1. Charges only on Cβ, +1 for Lys and Arg, -1 for Asp and Glu: so what's the dipole of the stretch 12-67 about the Cα centre, in debye to the nearest 20?
2. Full-extension gain between residue 4 and residue 53, please, as 0.36 nm times their residue separation minus the C-alpha to C-alpha distance.
3. Could you work out how far the C-alpha centroid of the stretch 89-124 sits from that of the stretch 3-67, in angstrom?
4. Out of residues 5 or more away from residue 26 or on other chains, whose amide H comes under 5 Å of its own, with H placed 1.01 Å from N in the peptide plane?
5. Please work out the FRET efficiency for the pair residue 125 and residue 60, using the Cβ-Cβ distance as r and a Förster radius of 22 Å; give the result to the nearest 0.05.
6. Calculate, in nm to one decimal, what residue 67 and residue 89 gain on full extension: separation in residues at 0.36 nm each, minus their alpha carbon distance.
7. Taking the Cα centre of the stretch 81-137 as origin and charging only Cβ (+1 Lys, Arg; -1 Asp, Glu), how large is the dipole, in debye to the nearest 20?
8. Once you charge only the Cβ atoms, +1 for Lys and Arg and -1 for Asp and Glu, what is the size of the charge dipole of the chain about its Cα centre, to the nearest 20 debye?
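Read-outs throughout are calculated quantities, based only on the coordinates presented, and are distinct from any laboratory measurement. The shown structure was predicted, so the numbers you read here are calculated from the model rather than taken from an experiment. So basically every Cβ, Gly included, is an ideal-geometry build from the backbone, and we count neighbours across all protein chains shown.
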Amino acid sequence: MTETSVFTKIRLREIPGEIIYQDELIFVPMTIAPHNPGHCLVVPIEEIGNFEEVPEKLYLHIMKVAQHIARVQRRLYDCPKVALAAVGMSVDHTHIHVFPLYAEKDMDPDSAKQPPAEEIALEADRLRTALKENPPA
């Protein structure tokens, strides 16, 4: 990768974004096109273009944090399932989508919404509070 990704720009606060969690290896911003409220991304700080190139230690950490966030989302949004997806065709920086899932159709890319920034910020605050009360181990 030669250019800084949009995710890195969010992490560095060069562009706006709602980060709900960060540690030395990953950060978790809210997506601007959520499939459902609470939709966030687990992104490695290192700009790795393809998921299969993620080193095993980092992969395990990404999945551990994603699983923890999924547990928080199940409680917070009372959803039957939580979706995990590694897609990212539009951004060349590996990331895992984590979002409440109520129906199979929620996985369809066409189900993504464009809510106002205030709604995303509200959901970010809800998740931040829940994660502060129950931080990843």
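1. Values: 3 positive and 9 negative charges, 49 e Å.
Charge dipole of the stretch 12-67: 240 debye, to the nearest 20.
2. Details: separation 49, 0.36 × 49 = 17.64 nm, distance 1.80 nm.
Computed gain between residue 4 and residue 53 is 15.8 nm.
3. 13 Å
4. 45
5. 0.15
6. Numbers: separation 22, 0.36 × 22 = 7.92 nm, distance 2.25 nm.
Net length gain for the segment: 5.7 nm.
7. Details: 6 positive and 10 negative charges, 44 e Å.
The calculation lands at about 220 debye.
8. Details: 14 positive and 21 negative charges, 108 e Å.
It comes to approximately 520 debye.
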